[in-house]
Amino acid sequence: MTAVAAPALPKRRSLYPGWFYAPAAAVYSVLFLAPTLASLYFSLTRWTLFDATFIGFDNFAQFFREPFLVQGLVNTVIYAVVTSGLKVVVGMLLALMLTSEIIARGYLRSVIFFPVLVSTVGVGITFTVLMHPTQGMINQTLAFLGMAGPGWLVDPRLALFSVALVDVWKGVGLATVIYIAGLVAIPRDYYEAARIDGATKLQNFFYVTLPLSRPATATVITLSFIGGLRTFDLIWAMTKGGPGFASDTIASVIYKQYQAGFYGLSTAGNVVLFILIAVLVVPLTMFLNRKQGHE
Amino acid sequence: MAGLELKNIQKSYGSVEVIKGVSLSIDDGEFVVFVGPSGCGKSTLLRMIAGLEDITGGELFIGNKLCNAVEPRDRSIAMVFQSYALYPHMTVYDNVGFGLKLARTPKDVRDQKIRNAAKILKMEHLLDRKPGQLSGGQRQRVAIGRAIVRQPEVFLFDEPLSNLDAALRVDMRMEISKLHQTLSATMIYVTHDQVEAMTLADKIVVLDGGVVQQVGSPIDLYQRPTNLFVAGFIGSPKMNFVEVVVEAVNEDNIMVGSKDVARLGVPATVAGVKVGDTLTLGIRPHDLSPATNGAVVGRVSLVERLGNETIVNIELASGIPWLAVLDGDQALRVGESIALAADPAKAILFDRTGQALLAPIA
């Protein structure tokens with residue numbers, strides 16, 4: 001007997017479930033999609049607040065012709081790499097310390113998280129005072145110890161890295177908390193099995209802790225890298241992009257363009273920033289979250 | 001290979017004493033099972049042998065070496081964990097060879113040992129997979145492979161089958177038993193499943209409340225339990241108990257009876273037992289059989305017909321529930337009266353403190 005396959009029924013999609021998406025779609029469209037599309041349009045125009053003239057890609061061409069804008073782009077990437085890299089390393093070390101048997105562990109966890117809660121501008125102003133080349137407490141302390149302190153925020157080679165260090169100080173608490181959550185979730189059996197196999201503490205770290213805390217590492221890198229690429233408030237509070245354009249990032253450049261009234265140019269900068277984040281973060285996230293045979 | 005000697009081993013967490021002076025000898029090549037209910041201290045004892053828990057008091061010898069303060073890696077042991085503890089980011093090959101890698105075993109030797117272990121455990125085709133891609137039974141195999149590749153003197157198993165389903169558990173039980181025969185290694189195995197204990201062990205150690213209740217061969221524990229706890233814990237279904245009164249004390253047996261059980265002469269140690277004393281009578285469900293004038297009379301409360309045997313729940317006159325496992329298919333009805341004969345030679349009497357009054361072995 002020959003089996004005859006029943007003809008496939010045409011799939012009928014009901015509109016009904018779509019209505020459940022509608023409110024979220026409306027909010028998303030008004031608050032996110034429309035401004036994004038408007039930005040894309042205005043980046044192709046010369047515009048004031050009242051009228052816009054379409055000029056094609058002139059804003060983008062000008063953006064990449066200006067040396068300080070390219071410098072801002074490079075600074076942004078350097079800043080993002082330095083801050084996210086340091087947050088990973090320091091956050092992991094602090095989390096290891098704060099998950100081990102140490103005195104006042106709970107208190108120290110609070111202390112390390114505290115800077116996350118403080119206003120970024122407040123932190124920026126405070127560190128600007130602390131990093132003053134002659135009057136700042138840091139250099140005065142170094143002088144007391146017989147060392148000449150550098151010009152943290154006035155030396156063009158150092159300014160960007162000084163701000164990055166402050167960013168790490170302020171943000172490492174969050175990275176530490178993410179790592180602590182990741183570390184305490186690693187089952188104790190893995191360490192015990194490694195101990196029986198003869199692993200030293202260092203081998204435990206490299207063979208067990210580090211690979212098994214990869215989800216936490218991926219989260220910390222992604223969050224801090226995006227945060228680094230978008231950074232503005234700390235830079236503005238501490239150096240305003242100076243000295244000269246030495247610590248300008250793309251966000252501070254865009255802000256300056258807005259201040260100067262070059263709305264089209266600065267909107268083009270925003271589009272470039274958007275593309276930069278997408279180009280760097282999407283593959284990075286895919287790489288960090290690649291499947292590892294975890295259950 | 002090596003034997004073990006535990007001398008008055010104790011473990012306390014603060015003021016809570018969890019292992020209360022365990023002394024035990026384990027011979028070279030012996031398969032010893034620690035069995036007991038949850039919280040009895042069996043896993044803690046195993047972890048103390050492994051070196052994962054400090055020993056509060058007493059001495060632990062592995063081979064002839066005092067190991068109280070020796071690091072786990074230097075005890076020549078390997079352990080299979082309940083959770084398997086396979087590193088999810090490593091392949092099966094790397095998991096099995098991890099200990100050898102840490103011991104800086106040359107790569108070619110390591111490769112040979114890993115492939116040899118894989119061959120023994122029939123998992124050569126799994127070597128490139130990661131634990132997440134394996135079934136429960138396969139993971140169990142890898143965990144055992146990781147242990148055997150190190151060629152330890154003592155294997156430690158901490159409830160290794162408890163995460164498997166019933167059918168796989170039976171298969172893996174047989175494989176572990178075969179492995180013991182192949183390797184002739186000393187193995188210590190922790191379980192709360194007394195069927196696993198009975199089928200695998202050369203020697204069973206029954207623990208309760210951090211105290212060894214009895215040590216012996218499986219059949220010894222089944223036939224001659226030294227106290228009520230062991231009698232109730234070993235054997236499935238568990239032993240039936242009922243209070244009885246001594247009616248006569250003879251030279252080598254004690255005549256007991258109650259409103260649940262008619263006169264029964266049970267072989268026992270008679271010293272110190274007087275007429276009128278209250279004892280506990282224990283009879284295994286398999287030692288009861290239907291008989292018109294049987295000593296045990298009750299009412300059938302549930303019948304489970306398994307084809308080859310029938311499990312009958314009985315309510316005795318005093319309301320105590322008993323179980324009888326009868327041969328073949330018995331067409332009994334709930335509510336009907338039943339009389340069962342009990343083999344007195346297989347019955348055991350326990351005194352008021354719960355100690356068995358076992359007759360001396362002839």
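The values are calculated or read from the model by the stated rules, or taken from the named source; none is laboratory data. This structure is a prediction, so every number in the text was calculated from the model and none was measured. Cβ: placed from backbone, ideal geometry, glycine included. Neighbour counts: every protein chain shown.
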- Query: Has segment B:250-259 got at least one residue that is out of contact with any Gly (no Cβ under 6 Å at 6 or more places or on another chain) and within 30 Å of B:Lys178 (Cβ to Cβ)?
  - Reply: no
- How many residues are within 24 Å of the chain's Cα centre (by Cα), more than 12 Å from chain A (Cβ to nearest Cβ) and part of a loop (DSSP other than H, G, I, E, B) if we restrict to segment B:134-158? 1
- B:Asp54: passes all of (1) in contact (Cβ under 8 Å) with a residue 60 or more places away in the chain; (2) within 14 Å of another protein chain (Cβ to nearest Cβ); (3) surrounded by fewer than 23 Cβ atoms within 10 Å (Cβ to Cβ) but (1)
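This table checks each residue for (1) under 30 Å from B:Ser38 (Cα atoms); (2) touching a Ser or Thr at 6+ places or on another chain (Cβ under 7 Å); (3) in the same structural domain as B:Pro321 (by TED's automatic domain parsing).
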| site | (1), (2), (3) |
| --- | --- |
| B:Leu221 | yes, no, no |
| B:Pro225 | yes, no, no |
| B:Val245 | no, yes, yes |
| B:Ala248 | no, no, yes |
| B:Asp252 | no, no, yes |
| B:Lys259 | no, yes, yes |
| B:Gly265 | no, no, yes |
| B:Thr278 | no, no, yes |
- Scan segment B:261-303 for residues that are assigned to a strand (DSSP E or B) and among the aliphatic types (A, V, I, L, M) and jot them down. B:Val261, B:Leu264, B:Val266, B:Leu279, B:Leu281, B:Ile283, B:Leu288, B:Val296, B:Val297, B:Val300, B:Leu302, B:Val303
- Within segment A:191-214, residues over 27 Å from A:Phe113 (Cβ atoms) and facing another protein chain (nearest Cβ under 9 Å) come out as A:Glu192, A:Ala193, A:Ala194, A:Arg195, A:Ile196, A:Asp197, A:Gly198, A:Ala199, A:Thr200, A:Gln203, A:Tyr207
- Item | A:Ala278 farther than 30 Å from B:Ala103 by Cα, surrounded by fewer than 21 Cβ atoms within 10 Å (Cβ to Cβ) and within 14 Å of chain B (Cβ to nearest Cβ) | no
- Among (1) of a type in the set (Val, Ile, Thr); (2) in a helix (DSSP H, G or I); (3) surrounded by fewer than 18 Cβ atoms within 10 Å (Cβ to Cβ) - the single one A:Val154 does not satisfy: (2)
- Message: I need a count of the residues in segment A:175-190 that are more than 9 Å from chain B (Cβ to nearest Cβ) and surrounded by 20 or more Cβ atoms within 10 Å (Cβ to Cβ).
- Response: 7
- All positions within segment B:337-356 that are surrounded by fewer than 19 Cβ atoms within 10 Å (Cβ to Cβ), closer than 18 Å to B:Ile219 by Cα and hydrophobic (A, V, I, L, M, F, W, C): B:Ala345
- Per the filter on segment B:82-133, residues crowded, with 21+ Cβ neighbours inside 10 Å, facing chain A (nearest Cβ under 9 Å) and hydrophobic (A, V, I, L, M, F, W, C) are B:Ala85, B:Leu86, B:Phe98, B:Leu100
- Could you say whether any residue in segment A:138-150 is part of a helix (DSSP H, G or I), more than 14 Å from chain B (Cβ to nearest Cβ), in contact (Cβ under 8 Å) with a residue 40 or more places away in the chain and within 28 Å of A:Ala80 (Cα to Cα)? no
